[in-house]
Amino acid sequence: MVEQTLNELIAGNMTTKHVVEAVEEFGSPLYVYVESILRGNCREIKSMPHAFGFQPRFAMKANPLRAILQIIDEEGIDIDAASVNEVARAFRAGFDYDRIMLTSIDVPQEDKHDVQRMMLAGLKYNVCSWTQLQNIGDFVAEHHIPLSMRIHPGEGSGESRTRNTGDKYSPFGVHLKDLPQLLHYAKEKGVIFNQVHVHIGSGGDPKKWRENIDRELSFVENSFPDANRVNFGGGLKVARMPNEVSADIKDLGAYAKERIESFYERTGRKLIMEVEPGTYIIANAGFIVTEVKDKKSTGSDGYLFLIVNGGMELNSRPLLYGSVHPFFVVSKAGDLLSSEFRSLDGCPEQILVGRCCESGDSQCLDAAGNLTPRRMGDPEIGDMVVIGGAGAYCSSMAPSNYNSYVRPPQILLRTNGERDLIEKQQWLHQIIQNELPLRKLA
Ligand SMILES: *Cc1c(COP(=O)(O)O)cnc(C)c1O
């Protein structure tokens with residue numbers, strides 16, 4: 001074996017030897033996270049320029065695994081939770097409630113008392129609708145708990161139509177037309193908003209991200225006299241593929257710093273800045289290791305298919321959004337047969353598919369569901385295909401048990417080269433344990 005790094009462009013190391021050894025120990029398919037890359041990304045986010053204080057949050061819906069959250073905690077990054085259960089998971093991983101903010105489209109009902117108990121212990125509640133505010137208004141007024149408000153700015157940006165969370169196609173946040181009603185209610189009740197939040201989408205145009213800074217600061221200036229914190233959301237674009245460009249953290253931070261400083265000069269108010277990336281922190285720290293099970297073709301005017309033992313049930317992003325992930329083909333012996341980050345000249349065009357009974361179970365799809373052949377090495381059955389950029393919204397979002405496949409193990413490649421199991425493989429009995437047999441009618 002010639003040990004080779006899969007992708008030299010991302011900090012940290014994941015080599016062909018790591019792939020072979022991980023499969024020897026844990027089998028495949030397998031999720032592998034690289035601690036050094038994850039920590040490097042956290043430190044990069046933490047180094048974002050700022051004016052009067054800065055606190056990044058990790059959008060844990062991208063990857064809520066306990067060990068991952070523990071690393072995020074050690075790196076001094078707080079939590080953005082999308083549901084009450086996520087808050088509970090973050091707390092279990094070691095975050096105190098005062099380091100967690102709940103931003104959810106759901107309206108707490110049966111779990112309302114859990115939310116209130118968490119808020120008394122410091123959980124920040126980010127109000128996202130008129131119904132949510134009425135639901136929590138009396139409680140926060142009684143206990144003098146300040147709130148955050150997520151605003152729907154009317155304009156957003158995402159990598160696809162479905163990942164824009166700021167425009168009229170998206171129901172997230174308090175729409176500007178409803179703002180007067182909420183502010184009036186808050187004034188009557190004595191409810192304070194000390195934070196303003198906008199999240200315009202995932203992986204969108206950095207220019208739109210900058211524009212949002214100005215728009216959001218004008219909301220703070222015009223409508224939120226008590227706000228001392230401003231959260232610019234997540235959505236920082238990450239380059240998974242060689243032709244993509246990541247958001248420039250230093251540049252965006254420098255812009256935000258300058259705008260927050262001039263806000264201070266205008267208003268005398270010093271704002272603490274928050275951002276809440278998910279993708280940027282974890283996407284390129286994760287890999288899915290699969291094994292080639294079969295090869296087929298659909299004739300001279302058809303396609304060459306590589307069938308591997310993991311697809312949409314491990315990474316549904318191509319099927320959902322036409323997302324493109326880098327492929328690395330590694331032989332059983334550990335030789336690098338192809339890497340997305342090296343020349344693919346001479347490699348055949350193929351379609352990578354999983355083993356679900358579903359035509360859409362492919363990692364080579366565009367947003368309309370068309371097959372998009374990709375150049376990659378020509379492996380033997382038993383060789384491996386590694387899917388990169390798979391740390392965010394893969395294990396957390398996949399329809400895991402489709403076709404009754406079990407969730408595979410997830411491991412962490414430690415900074416000292418050791419491998420830690422961080423989620424055990426699921427077993428069939430765990431998929432069916434809550435099912436009940438047909439009851440016989442009398
Ligand atoms: C999903 C989400 C994020 C993170 O988005 P990324 O594109 O992964 O950075 C941040 N904030 C909110 C409110 C979200 O819903």
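The values are calculated or read from the model by the stated rules, or taken from the named source; none is laboratory data. This structure is a prediction, so every number in the text was calculated from the model and none was measured. Neighbour counts are summed over all protein chains in view; Cβ atoms, including those assigned to glycine, are modelled from backbone coordinates with ideal geometry. Remember, those area values only see protein heavy atoms, side chains included, never the ligands or the DNA or RNA. Shrake-Rupley method; radii C 1.70, N 1.55, O 1.52, S 1.80 Å.
Odds and ends about this structure:
- Tensor-based shape of the range 200-341 (alpha-carbon gyration tensor, a/c under 1.5 rounded, otherwise prolate or oblate): prolate
- Surrounding net charge for Q410, when Lys and Arg each add one and Asp and Glu each subtract one, Cβ distance under 12 Å: +2
- Loop-located GluC sites (Glu not before Pro) in the range 1-103 (DSSP state not H, G, I, E or B) with no more than 14 neighbouring Cβ atoms inside 10 Å: E3, E8.
- For the chain, the longest piece that avoids every one of the chymotrypsin sites (Phe, Trp or Tyr not before Pro) found in DSSP loops with at most 11 other C-beta atoms within 10 Å covers 170-426.
- R89 accessible area, assembled protein chains, probe 1.4 Å, Å²: 120 Å²
- The range 54-162 shape via C-alpha gyration tensor axes, a/c threshold 1.5: oblate
- A convex hull fitted to the Cα coordinates of the chain yields 171 cubic angstrom per residue.
- Degrees, to the nearest 10: 35-46 long Cα axis against longest axis of the chain: 30 degrees
- Cβ-Cβ distance of D98 and D294, R₀ of 41 Å, FRET efficiency by 1/(1 + (r/R0)^6): the value works out to about 0.20.
- Subtracting the Cα-Cα distance of Q4 and S343 from 0.36 nm times their residue separation leaves 120.6 nm of extension gain.
- Low-density loop cleavage sites - GluC sites (Glu not before Pro) in the range 356-418, where at most 15 other Cβ are within 10 Å (DSSP): E380, E418
- Sum of side-chain charges, G201 neighbourhood, beta-carbon under 12 Å (Lys, Arg +1; Asp, Glu -1): 0
- With Cα atoms, 0 to 90° folded angle of helix 130-143 axis to the chain main axis: 60 degrees
- Local net charge near S395, Cβ-Cβ under 15 Å (Lys/Arg +1, Asp/Glu -1): +3
- Adding -39500 (n - 2.57) for every DSSP H run of four residues or longer, then dividing by how many residues the chain holds, sets the calculated 222 nm ellipticity at -8500 deg cm²/dmol.
- Each peptide in 195-203, 266-274 receives the mean, over its residues, of other Cβ atoms within 10 Å, and ordering these scores from highest gives 195-203, 266-274.
- Evaluated over the range 108-265, the Cα radius of gyration and Dmax, each in Å: 16.7, 54
- FRET E, pair N370, L120, Förster distance 51 Å, beta-carbon r, rounded to 0.05: 0.45
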